Amino acid sequence: MTKVMKEKISVSIDIGTTKICVMVAHQMNNQKVDILGIGKAPSDGLQKGVVVNVGKTVQSIKDAVAQAEKASGMKIDRVSIGISGAHIRSMHSHGVVAVKKGQVRATDIKDVLDAAQAIAVPEGYQIIHILPQYFVLDGQVLHDPLAMFGVRLEVRAHIVLGAVTSVQNLVTCCKSAGVNVYDIILEPLASAYSVLSQDERQLGVALLDIGGGTADLAIYQNSSIIHTMVLPIAGNHFTNDIAVGLRTSIGDAERIKIQEGTVNIDDEDKQLEIELTEGTNKTFISKRTLAFILHARAQELLHIIRKEVSDHQLRAYCTSGLVITGGGSLLHGVDTLAQSMFNMPVRIGKLHASHELPNALGNPMYATGYGLLLYTLHAQQSSCTAYWEGPFVQRVVSRMKSWINDFF
């Protein structure tokens with residue numbers, strides 16, 4: 001393989017609560033992304049996005065990596081991973097510096113972002129991302145101050161924090177599975193990269209990614225991140241509710257959720273066969289009963305998100321409405337329910353049609369994994385640190401590597 005091709009190869013691992021998904025991609029000269037291989041394996045060692053069993057997680061990663069290697073014909077040894085979980089926190093910060101030579105240079109932007117990072121970080125936490133929302137140069141609000149003349153440069157930034165131990169556990173599992181982690185990306189950022197349009201990010205939009213263990217909220221405007229939230233209520237809670245409410249096994253609850261899951265209590269009723277908890281006998285239940293169970297949990301989840309939007313006065317930023325993605329978005333009627341609760345446009349977020357994708361990637365549950373690829377490929381082709389979330393998103397990979405390496 002040529003050096004040029006290697007530089008355009010990206011490997012991502014979406015380490016989720018229900019599945020491990022490895023994707024290998026090559027960015028071609030026409031900027032289209034060619035998926036070389038996909039590997040999937042059940043995830044047995046995580047709960048709510050956090051590693052609880054290292055051995056099981058390592059084996060799941062190994063299985064998924066082996067599948068991706070076989071499909072792509074490549075040896076995988078370097079990956080980017082997504083991070084989520086109830087330990088994720090976020091806050092806003094403000095930084096101010098004097099412009100050194102009268103004209104804003106890249107070093108001035110770096111200095112003001114460094115100033116915004118000078119916050120009291122809770123014990124056991126570390127900064128994962130610092131995402132500028134806007135800059136102010138001598139009282140003028142700007143999104144790109146580079147080369148502008150001025151004296152005083154300020155920044156309003158959104159800072160994402162993660163628990164050191166949770167990140168270390170993820171990195172340890174990857175290392176034990178034979179792959180090195182070179183980038184760690186907040187999963188809502190990755191999902192947004194794969195399912196939101198540039199116009200949506202510019203005008204303002206809310207993204208809700210309902211995974212297996214967590215539901216991730218991210219709000220954008222002016223192509224900048226405005227707010228993030230990770231909620232430990234997601235797909236597994238729907239499955240558990242079905243198992244408890246219908247007295248069926250976890251496996252059969254998951255099956256019936258995928259095959260017949262709906263939050264619309266007005267759907268046509270029919271009888272569904274389910275397996276009882278002991279695993280030997282079967283019975284029939286009403287599909288409407290299933291809908292009532294799922295409707296209650298979906299309503300609870302959406303109510304919490306709506307309260308978050310209301311409490312932080314974020315509705316004005318959601319000009320383009322709400323986009324729901326992830327495996328949880330496949331529940332029939334969840335978009336209609338959300339639209340009635342939020343009173344705004346709602347759509348199901350599918351992967352960008354502008355890219356040529358395998359049929360397998362048509363499912364919203366792959367939004368995070370594919371977004372990680374796009375995020376990483378975009379970083380590789382850019383010589384600067386600018387990401388699409390804002391003109392000058394400062395990556396903190398070097399800092400993260402230092403405290404991860406300290407652990408080893």
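The values are calculated or read from the model by the stated rules, or taken from the named source; none is laboratory data. On a predicted model such as this, the values are computed, not experimentally measured, just so you know. Note that each Cβ is placed from the backbone with ideal geometry, even for glycine, and that neighbours are counted across all protein chains shown. The accessibility values were calculated without ligands, DNA or RNA, using every heavy atom of the protein model including side chains. Shrake-Rupley method; radii C 1.70, N 1.55, O 1.52, S 1.80 Å.
Miscellaneous remarks
- Output for segment 166-195, where each listed residue is part of a strand (DSSP E or B) and either of a type in the set (Val, Ile, Thr) or surrounded by fewer than 21 Cβ atoms within 10 Å (Cβ to Cβ) (or both): Asn180, Val181, Tyr182, Asp183, Ile184, Ile185
- Residue count for segment 51-88 satisfying the condition of being touching an Asp or Glu at 6+ places or on another chain (Cβ under 9 Å), assigned to a loop (DSSP other than H, G, I, E, B) and among the β-branched types (Val, Ile, Thr): 2.
- Tabulated pairs, segment 352-369, first closer than 19 Å to Asp209 by Cβ and in a helix (DSSP H, G or I), second open to solvent by 40 Å² or more (accessible area, probe 1.4 Å) and at pLDDT 70 or above, C-beta under 7 angstrom, 6+ apart or interchain: Ala360/Ile38; Gly362/Lys350; Pro364/Leu330; Pro364/Ile348; Pro364/Lys350
- Residue list for segment 54-69, filter: open to solvent by 60 Å² or more (accessible area, probe 1.4 Å) and either touching a helix residue (DSSP H, G or I) at 6+ places or on another chain (Cβ under 9 Å) or modelled with pLDDT under 95 (or both): Val54, Lys62
- All positions within segment 343-355 that are open to solvent by 10 Å² or more (accessible area, probe 1.4 Å) and either on the phi > 0 side of the Ramachandran plot or not basic (Lys, Arg) (or both): Asn343, Met344, Pro345, Val346, Ile348, Leu351, His352, Ala353, Ser354, His355
- Positions within segment 196-244 being of a type in the set (A, V, I, L, M, F, W, C), in contact (Cβ under 8 Å) with a residue 60 or more places away in the chain and open to solvent by 10 Å² or more (accessible area, probe 1.4 Å), in sequence order: Leu203, Ile226, Met229, Val230, Leu231, Ile233
- Among all positions in segment 91-107, there is at least one residue which is outside any strand (DSSP E or B), hydrophobic (A, V, I, L, M, F, W, C), touching a helix residue (DSSP H, G or I) at 6+ places or on another chain (Cβ under 8 Å) and more than 16 Å from Thr376 (Cβ to Cβ).
- Hits in segment 112-126 (condition: surrounded by 13 or more Cβ atoms within 10 Å (Cβ to Cβ) and out of contact with any Gly (no Cβ under 8 Å at 6 or more places or on another chain)): Ile119, Val121
- Residue in segment 155-165 that is within 30 Å of Gly55 (Cβ to Cβ), touching a residue at least 24 places away in the same chain (Cβ under 8 Å) and open to solvent by 40 Å² or more (accessible area, probe 1.4 Å) present: yes
- In segment 94-110, the residue that is farthest from Ser166 (Cα to Cα) out of those that are in contact (Cβ under 8 Å) with a residue 12 or more places away in the chain and surrounded by fewer than 18 Cβ atoms within 10 Å (Cβ to Cβ) is Gly102.
- Of all residues in segment 294-308, those that are on the phi < 0 side of the Ramachandran plot have Cβ atoms under 8 Å from Cβ atoms of residues that are small (Gly, Ala, Ser) and open to solvent by less than 30 Å² (accessible area, probe 1.4 Å), 6 or more apart or on another chain, in Leu294/Gly261; Leu301/Ala215; Leu301/Ala234; Leu302/Ala338; Ile305/Ala215.
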